[in-house]
Number of protein chains: 2
Amino acid sequence: MSYLDRMTSDDAPVIGRSGSYAKGVARRREILDRAIEVFTERGADGTSLRRIAQALGVSHAALLHYFDSREQLLVAVYEHAEARRDEENHGHRPERAVDVMVEAAMLNVEVPGLVQLYSTLVAAALEADSSASKSFFTTRFENVREQLTNDLRRDQEAGLVRDDVDAKDVAALIVAASDGLQIQWLLEPSIGLQETLRAFSALLAPPAAR
Amino acid sequence: MSYLDRMTSDDAPVIGRSGSYAKGVARRREILDRAIEVFTERGADGTSLRRIAQALGVSHAALLHYFDSREQLLVAVYEHAEARRDEENHGHRPERAVDVMVEAAMLNVEVPGLVQLYSTLVAAALEADSSASKSFFTTRFENVREQLTNDLRRDQEAGLVRDDVDAKDVAALIVAASDGLQIQWLLEPSIGLQETLRAFSALLAPPAAR
DNA sequence: CATAAATACCTCCAGGCGGAGGCTTTTCTG
DNA sequence: CAGAAAAGCCTCCGCCTGGAGGTATTTATG
């Protein structure tokens, strides 16, 4: 059974070689934890396989035993960091779907390096071949848009969001605006991330509310 | 006089060593033209200094004579490609400011590699040091937002755009949405770039129009 | 038109990178 | 407890960027 089969099977949806032995799984997590530290300290370019390996006291080739490529490792790091962010902030759900995205953006920019990692990987995903991040982000975008579309439809029926626009379009717009604003904010914090995203939120208010 | 002085002076706002001799300026343009071809063909990672140099029949060191670094060269390539895009499509100005951005996005995704180059450079700009693209995109975002803010204010006064939201916030949102959607569209063309951006346009319509 | 400066380009090198292939040790399973 | 599978790790390869130091060639200028 190849690792690809395992990737697509339902029991082990993990990026990289799965590690069926308990020790390997633990080591994998250890690598991701160290890797995100290195990324935070040294940025995308500074996060070479050798640098991560050095932080763990092994050679860079050891990492390629757990992940097929540097890119795949970075995707796993992002997923790991995002999951941790969600863990630390579960249980908090605003009324409207759009505000979920607003708050996610606020959290993102507080995790050092996370937005940079995201941008780096998205850029890599646009590369012609680049199977690792391309498939990850394609399905990620799909899932987020779908979830958001459903929530928006519910909000529209509940009269919380204006219904003269297609929920599907708005979902894509929210994701785009959120992603784009985080980048702008990192380059120029004076734009006010929260106010700007709230302005978007206001655009979606139903006409009756005005 | 250093190259930085020339950058900030008003007579020669060019990225990289300016080349005060006419021949040098022509050669510079030649490099950029070839570089964008290479980028289109081989993607971001495949566009090494050596590969561009090979396409020109020179060594990679020759390129470093015109540009301080690979990153600076790529920024110049983007600027060049964007300028060419505008040249080929001047004279066309929609009524509302938001629609200018909508059409710019449509044009961007038609130039192969342009969005990828943009994303790559933005990711590089978020790197801690990264002086080359960081300063370029910081000022670029500032300029675009400022221009857009002014246009939006005019539209608001003319009753073309609702005036219950701050033009400054909307400007940042438009840029973010446009950038973000181009990426989503490249990964999943089924989202419909034009319709989605038109949905945003609709959100900005004044209440009277509904 | 001579000549000094700027330009244009080269070769070679240092340091770093991702990845392939191969080797031993540990761990699980029948 | 055998032996297959997984883990753990290294050495070597080719490619990359950036830069030092050198040499023609072109240009501007007295």
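The values are calculated or read from the model by the stated rules, or taken from the named source; none is laboratory data. All figures in this text were calculated on a predicted structure; none of them were measured in a lab. Note that we place each Cβ from the backbone using ideal geometry, even for glycine, and neighbour counts take in every protein chain shown.
Some observations on this one:
- Residues in region A:180-209 that are free of Cβ contacts under 8 Å to residues at least 12 places away in the same chain and more than 7 Å from every other protein chain (Cβ to nearest Cβ): A:P189, A:S190, A:G192, A:A209.
- Looking across region B:68-94, the residues that are part of a loop (DSSP other than H, G, I, E, B) and near DNA strand D (Cβ under 8 Å from one of its atoms) come down to B:D68, B:S69.
- Of the residues A:N150, A:N143, the single one that is part of a helix (DSSP H, G or I), closer than 25 Å to A:E110 by Cα and either more than 10 Å from chain B (Cβ to nearest Cβ) or of a type in the set (D, E) (or both) is A:N143.
Residue-wise test of (1) touching a helix residue (DSSP H, G or I) at 6+ places or on another chain (Cβ under 7 Å); (2) over 20 Å from A:D129 (Cα atoms); (3) outside any helix (DSSP H, G or I).
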{"residue": "B:R29", "(1), (2), (3)": "no, yes, no"}
{"residue": "B:D33", "(1), (2), (3)": "no, yes, no"}
{"residue": "B:T40", "(1), (2), (3)": "no, no, no"}
{"residue": "B:A44", "(1), (2), (3)": "yes, no, no"}
{"residue": "B:A53", "(1), (2), (3)": "yes, yes, no"}
{"residue": "B:V58", "(1), (2), (3)": "no, yes, yes"}
{"residue": "B:L63", "(1), (2), (3)": "yes, yes, no"}
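- The set of residues in region B:29-45 being modelled with pLDDT of 90 or more and not hydrophobic (A, V, I, L, M, F, W, C) consists of B:R29, B:E30, B:D33, B:R34, B:E37.
- Of all residues in region A:113-135, exactly one satisfies the criterion of being part of a loop (DSSP other than H, G, I, E, B) and either polar (S, T, N, Q) or more than 10 Å from every other protein chain (Cβ to nearest Cβ) (or both), namely A:S130.
- Residues within region A:95-154 that are more than 22 Å from B:A44 (Cβ to Cβ) and aliphatic (A, V, I, L, M), tallied: 14
- Single unsatisfied condition, A:V111 versus (1) touching a residue at least 24 places away in the same chain (Cβ under 8 Å); (2) at negative phi; (3) crowded, with 20+ Cβ neighbours inside 10 Å: (3)
- Checklist (1) more than 14 Å from every other protein chain (Cβ to nearest Cβ); (2) more than 30 Å from A:S190 (Cα to Cα); (3) at pLDDT 85 or above applied to A:S48, failing item: (1)
- Selection status of B:V25, of a type in the set (V, I, T), within 12 Å of DNA strand C (Cβ to nearest atom) and modelled with pLDDT under 90: yes
- Applying the criterion of being away from DNA strand C (no atom under 11 Å from the Cβ) and within 22 Å of A:Q116 (Cα to Cα) to the residues of region A:36-74, the residue that is nearest to the chain's Cα centre (by Cα) is A:I36.
- Any hit, region A:185-202, residues being under 13 Å from the mean Cα position of the chain (by Cα) and among the hydroxyl-bearing types (S, T, Y): no
- Scan of region B:154-179 for residues that are at the interface with another protein chain (Cβ under 7 Å from one of its Cβ atoms) and buried (at least 24 other Cβ atoms within 10 Å of the Cβ), ordered by number: B:V170, B:A172, B:L173, B:A176, B:A177, B:D179
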